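A short write-up of the structure that comes next.
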Amino acid sequence: MLSNRESARRSRMRKQKHLDDLMAQVSDLTNHNNQILTSINVTTQLYSNVEAENLVLRAQMTELSNRLQSLNEIIHFINSSNGVLQNDTNFDQPAYCHPHHQLNDDSLMNPWNFSTTNQPFMPSADMMMY
């Protein structure tokens, strides 16, 4: 009978040790899980910051592309109204890169070369109210 009691006591001790080991493992896994969640939150915040910055940069790129296109159209208009030769397919190249594409210095100062300066300006009716 004493042997039975001793065996039961050892069994309870083994179970308690196993329970303590499992509790320690739960604690370790909980800590590890919290570290992973913190890392995910930091990464998500960094991703959000980069995404916001990319949106701003994309908007700036679109705006600058539109401005470049407008400036190229203005250059094309000025060159075509002054009779200067320019290759229409090569707007990305500056007009000064080839001698045939350069503007004459006095052609810009001659008011008769600009067809838009001789057109009358008519304000709209709602502009007159202010």
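Here, each number is a calculation from the coordinates, and none is a lab measurement. Quantities reported herein were computed from a predicted structural model and do not represent experimental measurements. As a convention, Cβ positions derive from the backbone with ideal geometry for all residues, glycine included, and neighbour counts pool all protein chains shown.
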Quiz item: In this structure, does T38 turn out to be assigned to a helix (DSSP H, G or I) and within 17 Å of the chain's Cα centre (by Cα)?
Solution: no
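Rundown of residues vs (1) in a helix (DSSP H, G or I); (2) more than 16 Å from the chain's Cα centre (by Cα); (3) surrounded by 10 or more Cβ atoms within 10 Å (Cβ to Cβ); (4) β-branched (V, I, T), yes/no style:
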{"site": "S3", "(1), (2), (3), (4)": "yes, yes, no, no"}
{"site": "T44", "(1), (2), (3), (4)": "yes, yes, yes, yes"}
{"site": "L57", "(1), (2), (3), (4)": "yes, no, yes, no"}
{"site": "T62", "(1), (2), (3), (4)": "yes, no, yes, yes"}
{"site": "R67", "(1), (2), (3), (4)": "yes, yes, yes, no"}
